[in-house]
Amino acid sequence: MSLINRVMLLVALSLIFSGCEEGGVVSGRLVYTDRSNHLGEIDFTSDGGVRRFLYQGEGISTVSTLTEVDESRVIFDSCSMGNCDLKSLSLGDENVTHLREGRYPVYVRSHDSLFFFSDLEGVERWLVAAPLDDLSNVTKVAKAPIKSVKAGIVSQSMVTPVVPVSDEKVIFVGEDGWLWSYSFSNNVVARTKFKDCRPILWRKKESQLLCATWDMWEVFLLDLKSGYRMRLEELDDAHGFVYAEGSDSLVYGKMQPEYIILEAHDIFMYEFSSGKETRIYKDAYMAGGLWFD
């Protein structure tokens, strides 16, 4: 992109972001990753938010997924040179414990099950589940997708974290690229009728699945019963979505222009009830995380 086109784009974006509200009353804590090798926390119980770093990995590594065990403990993955491990972090004393090999952990507390992807025997990648106190005792759920999809000029894997949609069911992308479900009540894995959905999170208040299309990253809410899709065009340039259940809001990161030719990354909150977007923290890149009300 030429300098002139870049300046024109950033000026246009600056006009868009000028309509975004600043500040506002926000209460809660955000534990997040910027997809580098560290984790941070922003405590919004104080005016403006108080930021601290929780974890710093060694060497060149990335953290992509966090899952809540309880209010004082999270599990995350740390990947380096294609090898991924699961680790536990105590939010109080910032103590980190290595758990095992694995990627994209999601904990379902109602069944004490940790879902994650594992390269079993170094041959095939599987979605597996295991009790938290015995992560070596894995149960195979489904084979991981092996194909990639085009997103513009970039190929991306279809392996993503599972999304719990109730205490009894999780949704995930199957080997064939369709959405599949796993039910705890009968241990049944079944294919749904939905395909072009990269599952992100569950909006509990209205029982909707937040998705994005694979090719263009077009964000929408999906009703799994009716199949109705509600587009959210205003969120197509957002990333790192986290659900704040108490306020029925989304927290996410966005790039915006700064000083015409520079770029800044800030954290925003989107309220479903009003459709209002508010910038809640400046100068922080957020690629994913957890919200504690």
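Considering only the stretch 200-221, how many residues are without any contact (Cβ under 8 Å) to a residue 40 or more places away in the chain, assigned to a strand (DSSP E or B) and within 15 Å of residue 238 (Cα to Cα)?
Of the residues in that region, 5 qualify.
Give the number of residues within the stretch 126-149 that are within 21 Å of residue 214 (Cα to Cα) and not hydrophobic (A, V, I, L, M, F, W, C).
Of the residues in the stretch 126-149, 4 are within 21 Å of residue 214 (Cα to Cα) and not hydrophobic (A, V, I, L, M, F, W, C).
Please state which of the following conditions residue 49 fails to meet, knowing it meets all the rest: (1) buried (at least 18 other Cβ atoms within 10 Å of the Cβ); (2) more than 17 Å from residue 102 (Cα to Cα); (3) at pLDDT 95 or above.
In the conditions (1) buried (at least 18 other Cβ atoms within 10 Å of the Cβ); (2) more than 17 Å from residue 102 (Cα to Cα); (3) at pLDDT 95 or above, residue 49 misses (3) alone.
Just name the residue that is nearest to residue 244 (Cα to Cα) out of those in the stretch 1-35 that are part of a loop (DSSP other than H, G, I, E, B) and at pLDDT 90 or above.
28
So residue 203 passes all but one of these: (1) within 27 Å of residue 268 (Cα to Cα); (2) over 17 Å from the mean Cα position of the chain (by Cα). Which condition number does it fail?
(2)
Give all pairs with beta carbons closer than 9 Å in which a residue from the stretch 130-157 that is free of Cβ contacts under 8 Å to residues at least 60 places away in the same chain and within 27 Å of residue 190 (Cβ to Cβ) meets a residue that is among the hydroxyl-bearing types (Ser, Thr, Tyr) and in a loop (DSSP other than H, G, I, E, B); count only pairs at least 6 apart in sequence or on separate chains.
Final answer for the pair search is 130/136; 145/160.
Name the residues in the stretch 135-166 that are buried (at least 16 other Cβ atoms within 10 Å of the Cβ) and not in a loop (DSSP other than H, G, I, E, B), would you?
Across the stretch 135-166, the qualifying residues are 141, 142, 149, 163, 164.
Given the structure, is residue 201 touching a Lys or Arg at 6+ places or on another chain (Cβ under 7 Å) and surrounded by 13 or more Cβ atoms within 10 Å (Cβ to Cβ)?
Answer is no for this residue.
For the stretch 241-286, enumerate the residues that are crowded, with 19+ Cβ neighbours inside 10 Å and among the hydrophobic types (A, V, I, L, M, F, W, C).
Passing the criteria: 241, 242, 244, 250, 251, 267, 268, 269, 280, 286.
Taking strands (runs of 3 or more DSSP E) that do not extend beyond the stretch 65-120, which have at least 3 residues that are surrounded by fewer than 16 Cβ atoms within 10 Å (Cβ to Cβ) and at pLDDT 95 or above?
The strands (runs of 3 or more DSSP E) meeting that bar are 96-101.
Among the residues of the stretch 175-196, is there at least one that is closer than 25 Å to residue 76 by Cα, modelled with pLDDT of 95 or more, part of a strand (DSSP E or B) and in contact with a helix residue (DSSP H, G or I) (Cβ under 9 Å, 6 or more places away or on another chain)?
no
Could you list, in sequence order, all residues of the stretch 121-134 that are of a type in the set (D, E, K, R) and surrounded by 16 or more Cβ atoms within 10 Å (Cβ to Cβ)?
Listed by number, the list holds a single entry, 125.
Residue 234: acidic (Asp, Glu) and either out of contact with any Asp or Glu (no Cβ under 8 Å at 6 or more places or on another chain) or at pLDDT below 95 (or both), yes or no?
No: the conditions fail for residue 234.
The values are calculated or read from the model by the stated rules, or taken from the named source; none is laboratory data. No experiment lies behind these values; they were computed from the predicted model shown. Because the Cβ atoms are built from the backbone with ideal geometry, glycine has one as well, and the counts that use them run over all protein chains shown.
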